[in-house]
């Protein structure tokens, strides 16, 4: 029997289904948290191995001129998100609007730190750096490459069992995928993701994402 090579498209399709569809969906079911943690850690280690040993990822020095250019886009998108979410929280449950930063700033700071470094960065490494490096040979059409990225990013949040979360993360996935496709910068898209996500916790939408609001 011919050995399946990690660089072959067949291998990549199987890998994609396991990592981006079956594993995230399985997290929505009730089984031991310890097992879910092991799956998550092993998955991250596998992704790092593939990125550096198979895809030969090189850590590039950030292009500061490019980042300054796209930072304007973050500000514009951020302003839209700020206005939209304040209106949403005000009309759905105004009691939680800015509740955590006002009543427990220490907890708020801890949430932002933990979320940015232990959630956002691994997500972007997996869903942008790894995904675009591995699957551009499968989803050759750019539109489909970006759309499917947003779709599987939304699927990653199915464990919250909340339709609004799936919609928000799909839209976020589109924004982050477009940003990564244009900049090819993990640092940039991590910064963008962290800014938007931290704002959601700040404005009072953290509870639906597994953090206090």
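The values are calculated or read from the model by the stated rules, or taken from the named source; none is laboratory data. Quantities reported herein were computed from a predicted structural model and do not represent experimental measurements. Neighbour counts run over all protein chains shown; Cβ positions are idealised from the backbone, glycine included.
Restricting to the range 89-118, name every residue that is part of a helix (DSSP H, G or I) and touching a residue at least 24 places away in the same chain (Cβ under 8 Å).
Hits for the range 89-118 are 89, 93, 96, 99, 100, 101, 107, 108, 111, 112, 115, 116.
With the structure loaded, tell me whether residue 135 is touching a helix residue (DSSP H, G or I) at 6+ places or on another chain (Cβ under 7 Å), modelled with pLDDT under 95, surrounded by 12 or more Cβ atoms within 10 Å (Cβ to Cβ) and under 26 Å from residue 187 (Cα atoms) or whether it fails that test.
no
Residue-by-condition table, conditions (1) more than 13 Å from the chain's Cα centre (by Cα); (2) surrounded by 22 or more Cβ atoms within 10 Å (Cβ to Cβ); (3) touching a residue at least 60 places away in the same chain (Cβ under 8 Å):
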{"residue": "128", "(1), (2), (3)": "no, yes, yes"}
{"residue": "140", "(1), (2), (3)": "yes, no, no"}
{"residue": "151", "(1), (2), (3)": "no, no, no"}
{"residue": "155", "(1), (2), (3)": "no, no, yes"}
{"residue": "167", "(1), (2), (3)": "yes, no, no"}
{"residue": "180", "(1), (2), (3)": "no, yes, no"}
{"residue": "186", "(1), (2), (3)": "no, no, yes"}
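Considering the range 59-98 alone, what residues qualify as being exposed (fewer than 12 other Cβ atoms within 10 Å of the Cβ), at pLDDT 85 or above and closer than 19 Å to residue 176 by Cα?
Of everything in the range 59-98, those that are exposed (fewer than 12 other Cβ atoms within 10 Å of the Cβ), at pLDDT 85 or above and closer than 19 Å to residue 176 by Cα turn out to be 72, 75, 76, 79, 80, 84.
List the number of the failed condition for residue 98; all other conditions in (1) touching a helix residue (DSSP H, G or I) at 6+ places or on another chain (Cβ under 9 Å); (2) on the phi < 0 side of the Ramachandran plot hold.
(2)
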